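*Asks:* Sending over a structure as structure tokens; questions will come in a sec.
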Amino acid sequence: MSLLIVGTMAFDALETPFGKVDRIIGGSGTYAAWAASNFVQPIKQVSIVGGDFPQEEISALEARGVAMEGVEVVKDGKSFFWSGRYHLDMNTRDTLVTDLNVLAQFDPKIPDSYQGAEFVMLGNLAPDIQKKVLQQLKKRPKFIILDTMNFWMDVALDGLKEVLKMVDLLMVNDSEARQLGGEHSLVKSARKIQAMGPKCVIIKKGEHGALLFYEDRIFSAPALPLEDVFDPTGAGDTFAGGFIGYLARINDVSFEHMKAAVIVGSAMASYCVEKFGPTRLKEITAADIDSRVNDFVTLANFEVR
């Protein structure tokens, strides 16, 4: 099975209560590709970078089975840059700088070699860009997931609703779900979002786990208690990459396998937060992933007598 990922490849500058880094690799597409490459290859990457994006980072992803034909390189341009500061609870943050740079001119083109991808992940981008990608696909993929955020609900709600009709699963956090669904109850909001198009909704709740709404069924996944959380940036994108990568590997989108995919995505995200940027994702092995997944299984396992 092949996987198409559309997302940013960028630079981040981060400050958390546990440290500070001035310029590291980031971007939704970067995190998702590193996570998904543990489960499926090839990954067909679509993004845009400036000439300042390190060739060694591109080569490292290529070595993991990530195709870069769909990544536009603007040699005289600068890559997307984001800077943020996290509060002590690590759940809230302040954006300090957002420089779109080459992302402002992003007009994705799907290469012929990318056609036929069975699974598609649309990272957090403008809805018109997400729609443009789907319109270029000659064959409807088996499964499409979409990520979005409050900003697009504020400035491009109509466009977002159009894209929602074209996808199978929406991935949002709890505040985004409440805003889009218009209900304080996450269950009611999820049901209203499903009525907009996607049959499945995943609501990420950070340190409180995640909820999967699959048609009329619900699965609640725990979050793994961690002693050290250095950087939550990219955790959601890592979750999405692990989730869709696992589904692509087993080529099954049933409720039972999607529940397993939520746990796999959660395991990948739990590794991501242990170091700044995607550093930890580059280090872990298949054995590490299996061990962390088992930690989740043990955490949630119980019997009633």
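The numbers here are math on the coordinates, done by the rules we state, and not lab data. Owing to the predicted nature of the structure, the values given are computational and were not obtained by experimental measurement. Using ideal geometry, Cβ is built from the backbone for each residue, glycine included, and neighbour counts are taken over all protein chains shown.
*Asks:* Output the number of residues of segment 163-185 satisfying the condition of being outside any loop (DSSP other than H, G, I, E, B) and over 20 Å from the mean Cα position of the chain (by Cα).
*Replies:* Taking segment 163-185 and keeping what is outside any loop (DSSP other than H, G, I, E, B), we get 163-164, 169-181.
Narrowing the set further to residues that are over 20 Å from the mean Cα position of the chain (by Cα) leaves 181.
Count: 1.
*Asks:* So if I check each of Lys199, Lys142, Lys165, which one is over 19 Å from Leu212 (Cβ atoms) and not polar (S, T, N, Q)?
*Replies:* Lys165
*Asks:* Let me ask something else about it. Those residues that are more than 24 Å from Gly242 (Cβ to Cβ) and surrounded by 12 or more Cβ atoms within 10 Å (Cβ to Cβ), I need them from segment 80-97; list them, please.
*Replies:* Residues satisfying the conditions are Phe81, Ser83, Arg85, Leu96.
*Asks:* Give segment 274-305 a look and list any residue that's farther than 19 Å from Leu61 by Cα, touching a residue at least 60 places away in the same chain (Cβ under 8 Å) and of a type outside the set (D, E, K, R), or say none. Break it down stepwise before answering.
*Replies:* So the first thing to find is which residues in segment 274-305 are farther than 19 Å from Leu61 by Cα, and the list is 274, 287-288, 290-305.
Now narrow it down to the ones that are touching a residue at least 60 places away in the same chain (Cβ under 8 Å): 292, 295-296, 299-300.
Residues satisfying the conditions are Phe296, Leu299, Ala300.
*Asks:* Among the residues of segment 35-71, what is the count of those that are surrounded by 16 or more Cβ atoms within 10 Å (Cβ to Cβ), outside any loop (DSSP other than H, G, I, E, B) and touching a residue at least 24 places away in the same chain (Cβ under 8 Å)?
*Replies:* Number satisfying all stated conditions: 15.
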